[in-house]
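For reference, the structure is listed below as structure tokens.
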6 protein chains.
Amino acid sequence: MRPSGRALDEMRSVSIETGFTKHAEGSALIKMGDTHVLCTATIEDRVPPFIKGSGLGWVTAEYGMLPRATNTRMRREAASGKQGGRTVEIQRLIGRSLRAGVDRVALGERQITVDCDVLQADGGTRCASITGGWIALRLAVNKLMKAGDVISDPMVDPVAAISCGIYAGQPVLDLDYPEDSEAGVDGNFIMTGSHQLIEVQMSAEGSVFSRNQMDALVDLAEKGVSELAAAQKAATQ
Amino acid sequence: MRPSGRALDEMRSVSIETGFTKHAEGSALIKMGDTHVLCTATIEDRVPPFIKGSGLGWVTAEYGMLPRATNTRMRREAASGKQGGRTVEIQRLIGRSLRAGVDRVALGERQITVDCDVLQADGGTRCASITGGWIALRLAVNKLMKAGDVISDPMVDPVAAISCGIYAGQPVLDLDYPEDSEAGVDGNFIMTGSHQLIEVQMSAEGSVFSRNQMDALVDLAEKGVSELAAAQKAATQ
Amino acid sequence: MRPSGRALDEMRSVSIETGFTKHAEGSALIKMGDTHVLCTATIEDRVPPFIKGSGLGWVTAEYGMLPRATNTRMRREAASGKQGGRTVEIQRLIGRSLRAGVDRVALGERQITVDCDVLQADGGTRCASITGGWIALRLAVNKLMKAGDVISDPMVDPVAAISCGIYAGQPVLDLDYPEDSEAGVDGNFIMTGSHQLIEVQMSAEGSVFSRNQMDALVDLAEKGVSELAAAQKAATQ
Amino acid sequence: MRPSGRALDEMRSVSIETGFTKHAEGSALIKMGDTHVLCTATIEDRVPPFIKGSGLGWVTAEYGMLPRATNTRMRREAASGKQGGRTVEIQRLIGRSLRAGVDRVALGERQITVDCDVLQADGGTRCASITGGWIALRLAVNKLMKAGDVISDPMVDPVAAISCGIYAGQPVLDLDYPEDSEAGVDGNFIMTGSHQLIEVQMSAEGSVFSRNQMDALVDLAEKGVSELAAAQKAATQ
Amino acid sequence: MRPSGRALDEMRSVSIETGFTKHAEGSALIKMGDTHVLCTATIEDRVPPFIKGSGLGWVTAEYGMLPRATNTRMRREAASGKQGGRTVEIQRLIGRSLRAGVDRVALGERQITVDCDVLQADGGTRCASITGGWIALRLAVNKLMKAGDVISDPMVDPVAAISCGIYAGQPVLDLDYPEDSEAGVDGNFIMTGSHQLIEVQMSAEGSVFSRNQMDALVDLAEKGVSELAAAQKAATQ
Amino acid sequence: MRPSGRALDEMRSVSIETGFTKHAEGSALIKMGDTHVLCTATIEDRVPPFIKGSGLGWVTAEYGMLPRATNTRMRREAASGKQGGRTVEIQRLIGRSLRAGVDRVALGERQITVDCDVLQADGGTRCASITGGWIALRLAVNKLMKAGDVISDPMVDPVAAISCGIYAGQPVLDLDYPEDSEAGVDGNFIMTGSHQLIEVQMSAEGSVFSRNQMDALVDLAEKGVSELAAAQKAATQ
């Protein structure tokens, strides 16, 4: 029934290549099927003004898409002079999600910026960014710990994200672009490895959904996150 | 336990003044306690390029805050040269939510823009904007129907929104600013009058929440939306 | 002869509601007929760089219009990415006018920002902003004096503004929008309560006027300002 | 008493060099003492959208200052990404003033853009721009008439502008920068050659002025405009 | 003598992976040592306004760097609201260079946009962009020819680019970042496979160079371009 | 053969008027035929952040064109909200070129900004800007030396620039606009008075050139620069 032939609760194949770029303190190229996102983590000693002197660390994120990551070329945001609403929304979500898995006292007064750049898109780029961004962050923090700059591990729990939606009337896991563009309801679920919720976003454009459908989507998301957490563990050990 | 002395499931008092401005096709000043939002609906014959010639209508929204709507003055977005990420996120949410309650075929090829401007803020401005924006939209559509420009009512279901969150460890309904700034988990629920879900956003900044807590918040939201739908009905009859 | 049926030297009815918003140190909703402007005054301890350390205070103003304050919806300035020329001109005028009525030594090294936001427009918004802005400023300064932060009253003289113009060949007082859009000559007069001049702007678009006509407009303006000063006094006592 | 040693009613020496640049349809370098403004007029066949098809012409203006036209270097507006409020105000004034002297029916459906660029500033740049801009406009219109594109002369009356102000308690004509920066009251008067008024702007920053003082300034302005009109006539014959 | 241990006339190893992304009509990841650039070519039926209806085609380019492509993180251009001067200069150069190798009549009235995005930088990104961009363009044109949309091959000659400079007093080929940041003279040479020149840029910041040195750099560049043209041929056959 | 009737190696007549404006520390109006550029040099005590405390000086440049410097009016960059790519490229070139002729240690920790504003354009504006900009810089440095603020002359060598190109198949010196717009190859050569090279830019849009042609252009440029250096010397003695 699904265009890809996957089962309703079947995720796309996940591949993670760490150390994809040499300059960043942590980096990973994550592939969720044909969605490919390059995630890098940059450590800086400065923090935003609102926490200066607090002893707390900060994790923030930026998101971008290469112009031809998509089927038709999109205008380059740098050329159009601003980040679109969708971009801003996504990068705020990534930052919030990653912060939920970090003990900012243990991190100490430093900032880590996670850049998520979509090289190729086929649906689910924000979720891939969070899952891959966590890996880049984990690797950067490992470097801090190895250097003795951070003593107690601030990465309290792995953070992963997966989309689910109602496609052709059925709850399905990990929508690809053909599904996403047709789905009546579309949800993004960000959780810890132990299924604690960090962020839930369910949205019906020009449509509605029932509480039962909502519950079915959360069930699927829990299955997906378990698999992603395993992949994250394998990639960072 | 709540700073305002309200019960855990008690909403702030709601007041709705329709016809607050004379130029707009529909307008309402909605007050949720000390949160005051002026909502206006503007009908235009043109539609966005991507639906030109489709026969479908469009509903969109813009959101703004007066600089001193808040406790300390914020920089005017027109002066700083762009709408912030929070503003963009909120106005996209308002537009999506209102579209979910509209039959765009019945509306016909025209656009209605709902402007939600916060005159005074005390938490929950995006939810008040949706609830009040629906009223302005309803009144504008009434005018179209009275004039015979629209025959079959495109307003399929009332749309209302309420925030809930975990405050001091307890699920509470309709957070005001003192609660919102302290809450570990913060959710916005947009529903139809009959509790069909349109959008669910739950977010934990630097924290997590369980599935049980999620369910408790949805329960509260259903109670709140029922009361708001009644107030909407009273104001537009 | 006038569309509204008013006498040539008859102002629209004035209504002033102080304390319209709760956060600002001073606030007033001023209505000149169907022109409604919300004015708020915000006190801050910082001053602009060019007077830092001088001991002098500063009064500045910002002006905005809600998108549907007018008969047809205007584009939101925050969305278009800048304040238009008209907006910039008006807010500079408001700031200059209010500063003329303030003893900046007595005010002390602090800044008061007066925000004038037009909720509904029917001509004369800049004049209503000045007259109402003075009230918000007066109320904010009262608060400073009550708290003992300011000893000697810096509000040396009330400041009010009124428009006059040549409509259908006749000098008329307080143009509303139908008159304003037809007037050959259009003037704004900012004065103290005792008719000392602060700013005079007379402008003929595609037309000219004689010195006699100029004098007739100043006469009308003096009458209008007397009435406005009385209304300001009543509202702030 | 005046820093320059001029009499109270004495204008700076005026020099006008027409044809200063070869590309523009009309051009003039006007010097009012040390204030030097290059004015060019460009004829285009298109008109702004709001008068398309009306048969009416349009005259508009733009104003700029070279970064080192002033005593200390100012930031280039093109580099800072926008025209400042002062620039916008001035160019709107120039456009309005020039339009007042043009019969837009006789001009026919075309646009003339007058660019006024200050090469060196010593006070009174907006007035010099109007006086010199009128010359550039006159020359461009002469070209249209010579070519037979315009039959009846649309330049109904010469337009000139002069500043006056209260300096050291005395009304003075044509303020230079040392006077302007000290003057309590500062006025700009735009008139036709026969003393019909087009625009009057009088402004007291942190001060006030009486109606008698206002009258004295208008008297001085009439004297100045007579001299400027003579210089315009000499330059364009 | 060179930090990398390369001979003076030794280029870094070149690797080209075509088809790196699936959506673009042509794509290649080119690696010049540690400089990695993803190049994609997008075919569109529209052309820029200035050649509409001429029957001629157009080739244009855009250039970007991921924020952490470099040793320290650079601000994202989309976030800072504009493309920097260096970016604009480079993308204009890429476009001009590629157009020199294209017969725009044979291409027909369509536009090909070549996006060059630097995933990792180690000097020479603009040259790698041109060499790799030509490959993406070649592949996209192949697709047009295969589909019969273009009959006669518009790719008249391969285009490649290499940097040379004076490092530690010696002319060297293909500067990497450690050399580039120290070099007194820095040149970029864009040529066809048969050593016809398209663009030469030699620049000495705070220094000068002799005509003999210039000739030595051109000699090196010819050697480098021969090797690059061979690699391009191998990758596109 | 050339539209102007000049010999192939004949430059346009050069005229230099120093002290064209009174405020700048150095200024010159340079005319290369009908190309007229006003160059001013401004001395400031601050330097850019990246050299603060280094004891080194800085020279930078900005470039602009008056809207009607050209045959058809161009949009004012300040009005369009940004400097175009061409402007940015040119002003970076001017700055780099002038810095090559300055001993930044001898200059001391101060910045000189050279503004080059094109009053009238007929090809070769960037070269005229460099040649004239050097004069303004020379005059400003003279002022510093006369005041004893700079002891050892930091102007190590005169810097001049000239364009050459292949026009109608022939190498020609100093292209004017009619030649420039037709030329297949276009080069800019910046040299010291003793023919040391600072910057070479040769560019063929949609065309190529041989190494022999390149050599012929350099020969012409050397001749042109000798003449310009003589004119610079005459103007600054």
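Every number here is computed from the coordinates shown, using simple stated rules; none is lab data. What you are looking at is a predicted structure, and each value in this text was computed from that prediction instead of being measured. Here Cβ is always computed from backbone atoms with ideal geometry, including for glycine, and neighbour counts include all displayed protein chains.
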Going through segment E:123-163 in order, the residues found to be touching a helix residue (DSSP H, G or I) at 6+ places or on another chain (Cβ under 6 Å) and part of a loop (DSSP other than H, G, I, E, B) are E:123, E:150, E:152, E:154, E:158
Yes or no: segment A:163-183 includes at least one residue that is facing chain B (nearest Cβ under 9 Å) and over 30 Å from residue A:140 (Cα atoms). no
Does residue F:166 qualify as being in a strand (DSSP E or B) and over 20 Å from residue E:212 (Cα atoms)? yes
Taking residue A:30 as the residue in question, decide whether it is more than 7 Å from every other protein chain (Cβ to nearest Cβ), more than 28 Å from residue B:84 (Cβ to Cβ) and in contact with a strand residue (DSSP E or B) (Cβ under 9 Å, 6 or more places away or on another chain). yes
Hey, can you tell me all the residues within segment D:187-213 that are within 30 Å of residue C:56 (Cα to Cα), buried (at least 22 other Cβ atoms within 10 Å of the Cβ) and not polar (S, T, N, Q)? D:187, D:202, D:204, D:208, D:209
Out of all the residues in segment D:178-212, which are more than 13 Å from residue C:96 (Cα to Cα), touching a strand residue (DSSP E or B) at 6+ places or on another chain (Cβ under 9 Å) and of a type in the set (Ser, Thr, Tyr)? D:192, D:210
Return only the number of the condition from (1) touching a strand residue (DSSP E or B) at 6+ places or on another chain (Cβ under 7 Å); (2) surrounded by fewer than 20 Cβ atoms within 10 Å (Cβ to Cβ); (3) over 18 Å from residue B:56 (Cβ atoms) that residue B:110 does not satisfy. (3)
Subset of segment C:21-37 [under 14 Å from residue C:114 (Cα atoms) and part of a loop (DSSP other than H, G, I, E, B)]: C:21, C:23, C:24, C:25
Here the qualifying pairs (Cβ atoms under 7 Å; residues six or more apart or on different chains; first in segment C:76-91 and farther than 24 Å from residue B:91 by Cα; second among the basic types (Lys, Arg) and buried (at least 20 other Cβ atoms within 10 Å of the Cβ)) come out as C:90/C:126
Is it true that some residue in segment A:223-233 is in contact with an Asp or Glu (Cβ under 9 Å, 6 or more places away or on another chain) and of a type in the set (S, T, N, Q)? no
Consider segment F:209-220. How many of its residues are more than 7 Å from chain E (Cβ to nearest Cβ) and closer than 25 Å to residue E:194 by Cα? 6
Residues that are touching a Ser or Thr at 6+ places or on another chain (Cβ under 7 Å) and crowded, with 23+ Cβ neighbours inside 10 Å, drawn from segment E:139-175: E:159, E:160, E:161, E:174, E:175
Residue check, residue A:154 in contact with an Asp or Glu (Cβ under 9 Å, 6 or more places away or on another chain) and more than 13 Å from residue A:123 (Cα to Cα): yes
Helices (runs of 4 or more DSSP H) contained in segment E:50-111 and holding at least 2 residues more than 8 Å from chain A (Cβ to nearest Cβ): E:85-100, E:104-107
Could you look through segment A:1-25, keep only residues that are among the hydrophobic types (A, V, I, L, M, F, W, C) and either crowded, with 17+ Cβ neighbours inside 10 Å or touching a residue at least 40 places away in the same chain (Cβ under 8 Å) (or both), and pick out the one that is nearest to residue A:162 (Cα to Cα)? A:11
Could you tell me whether segment B:187-208 includes any residue that is away from chain A (no Cβ under 13 Å) and either over 29 Å from residue A:166 (Cα atoms) or touching a residue at least 12 places away in the same chain (Cβ under 8 Å) (or both)? no
Quick check, is residue D:54 surrounded by fewer than 18 Cβ atoms within 10 Å (Cβ to Cβ), among the hydroxyl-bearing types (Ser, Thr, Tyr), out of contact with any Cys (no Cβ under 6 Å at 6 or more places or on another chain) and more than 24 Å from residue F:83 (Cα to Cα)? yes
Filter segment A:180-202 down to the residues that are under 20 Å from residue A:95 (Cβ atoms) and polar (S, T, N, Q) and list them by number. A:188, A:192, A:196, A:201
When residue D:43 is run through (1) buried (at least 24 other Cβ atoms within 10 Å of the Cβ); (2) touching a residue at least 60 places away in the same chain (Cβ under 8 Å), the failure sits at (1)
With respect to residue F:156, is the statement that it is more than 15 Å from the chain's Cα centre (by Cα) and of a type in the set (Val, Ile, Thr) true? yes
Does segment A:174-230 hold any residues that are under 26 Å from residue B:219 (Cα atoms), of a type in the set (A, V, I, L, M, F, W, C) and in a helix (DSSP H, G or I), and which are they? A:214, A:216, A:217, A:218, A:220, A:221, A:225
Out of segment C:69-102, which residues are surrounded by 20 or more Cβ atoms within 10 Å (Cβ to Cβ), touching a Pro at 6+ places or on another chain (Cβ under 6 Å) and among the aliphatic types (A, V, I, L, M)? C:102
